[in-house]
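A short write-up of the structure that comes next.
The values are calculated or read from the model by the stated rules, or taken from the named source; none is laboratory data. All figures in this text were calculated on a predicted structure; none of them were measured in a lab. Glycine also receives a Cβ, built like all others from the backbone with ideal geometry; neighbour counts cover every protein chain displayed.
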Amino acid sequence: MTTTKKPMTETAEKRKSGRPPENLKNELRLELPSNSINEGIARSIVSVFVSQLDPTFEELADIKCAVSEAVTNCIVHAYRDTHGTIYITLKILDEKTVRIEIRDRGCGIEDIKTAMQPLYTTDSEGERSGMGFTVMESFMDRLFVVSSLGRGTKITMVKTLGDGRIRGIK
Amino acid sequence: MGSRMRSSKAEAVTAVDGHTMIISLTGDIDHHSAKRLRGEIDSSLFTLRPKRAVMDMSEVEFMDSAGLGLILGRIACAEKIGCKLTLLSPSRQVMKILDLAGAGRLIEIKQK
């Protein structure tokens, strides 16, 4: 007697490999006060959320770093002399792609093009490197910045995780 | 000789080996922790005024551009007191941040 094994559907294969089915559309909204302790907390929460896409160590580290930069910008620049709320929206767009929005209702950016230049900083006394936007641009696939003076800034970052990745390799 | 300093998660522990000051960094280096680390490192650097200093990055779990600012700032401080600063064993992720700013041209980087 011969038995035939029913071929797995594409979705079942993906589930078996630990990756979510294609139709997964997960979303998380988060509001945090602009305290610097929340830089690490935002990174940790984003890290847990993105883990459902089964990222490599390096992909996850890139995303955490980009989020850290955006949240720090809210604290250091947007709410410079005040306190406010940082709004974070995480969305799984498809089985490999995450979109991260980080928004504030702070002072806004006067000249986005200049602010995004590598090594540009308004910090004359401290030791900020002026590389925040460069990190976001380099570590994520797409970066959009919308800002309005006196109303706030919205950073949107998208990253698609790669295929054929070697997992667990630092 | 070693002196453990006040810390939450990120820490800078300094020790002296001959003419070399060893600064062992651990944990997450971000804007939240960088200011405190800067104070701790500079306090030791300007007190001990070593000829050489090694910043051991091997136990750093996370670093963003605030960490880059911390390193670039310490290079400048070390130069002021005639101290040669070396970076030891940064992770691949830390190297990516350093490379974005071309920090490899400003500081010697060694692996353990």
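A:Thr122 fulfils the conditions (1) at pLDDT 95 or above; (2) part of a loop (DSSP other than H, G, I, E, B) except for a single criterion, (1). Taking first residues from segment B:87-105 that are away from every other protein chain (no Cβ under 12 Å) and partners that are part of a loop (DSSP other than H, G, I, E, B) and of a type in the set (A, V, I, L, M), the Cβ contacts under 8 Å between residues at least 6 apart in sequence or on separate chains come to B:Leu87/B:Ile107. Within the set A:Ser34, A:Ser44, A:Ser51, the sole residue that is away from chain B (no Cβ under 11 Å), more than 16 Å from A:Lys159 (Cβ to Cβ) and surrounded by fewer than 23 Cβ atoms within 10 Å (Cβ to Cβ) turns out to be A:Ser34. Are any of the residues in segment B:4-23 touching a residue at least 12 places away in the same chain (Cβ under 8 Å), under 26 Å from B:Asp99 (Cβ atoms) and within 9 Å of chain A (Cβ to nearest Cβ)? Yes, some residue in segment B:4-23 is touching a residue at least 12 places away in the same chain (Cβ under 8 Å), under 26 Å from B:Asp99 (Cβ atoms) and within 9 Å of chain A (Cβ to nearest Cβ).
Filtering segment A:148-166 down to residues that are in contact with a helix residue (DSSP H, G or I) (Cβ under 8 Å, 6 or more places away or on another chain) and more than 18 Å from A:Ala66 (Cα to Cα), which residue is modelled with the highest pLDDT? Walk me through how you get there before you give the answer.
At the first step, the residues of segment A:148-166 found to be in contact with a helix residue (DSSP H, G or I) (Cβ under 8 Å, 6 or more places away or on another chain) are A:152-153, A:155, A:157, A:159, A:161-162, A:165.
Imposing the further condition that a residue be more than 18 Å from A:Ala66 (Cα to Cα) reduces the set to A:152, A:165.
Values: A:Gly152: 97, A:Arg165: 49.
Looking at the filtered set, the residue picked out is A:Gly152.
Among residues of segment A:144-163 that are among the small types (Gly, Ala, Ser), those with a Cβ under 8 angstrom from a residue that is assigned to a strand (DSSP E or B), sequence gap 6+ or separate chain, pair up as A:Ser147/A:Thr153; A:Ser147/A:Lys154; A:Gly152/A:Arg103; A:Gly152/A:Asp104. For segment A:103-119, filtered to residues that are at negative phi, assigned to a loop (DSSP other than H, G, I, E, B) and of a type in the set (A, V, I, L, M, F, W, C), the residue that is modelled with the lowest pLDDT is A:Met116.
In the set A:Asp81, A:Asp104, A:Asp94, A:Asp111, which member is farther than 21 Å from B:Ala101 by Cα, more than 13 Å from chain B (Cβ to nearest Cβ) and surrounded by 16 or more Cβ atoms within 10 Å (Cβ to Cβ)?
Details: A:Asp81 fails: surrounded by 16 or more Cβ atoms within 10 Å (Cβ to Cβ); A:Asp94 fails: surrounded by 16 or more Cβ atoms within 10 Å (Cβ to Cβ); A:Asp111 fails: surrounded by 16 or more Cβ atoms within 10 Å (Cβ to Cβ).
Answer to the check: A:Asp104.
Just checking, which of A:Lys96, A:Lys91 is in contact with an Asp or Glu (Cβ under 7 Å, 6 or more places away or on another chain) and on the phi < 0 side of the Ramachandran plot? I'd like the intermediate steps shown before the answer.
On the way: A:Lys96 fails: in contact with an Asp or Glu (Cβ under 7 Å, 6 or more places away or on another chain).
That would be A:Lys91, the only listed residue that is in contact with an Asp or Glu (Cβ under 7 Å, 6 or more places away or on another chain) and on the phi < 0 side of the Ramachandran plot.
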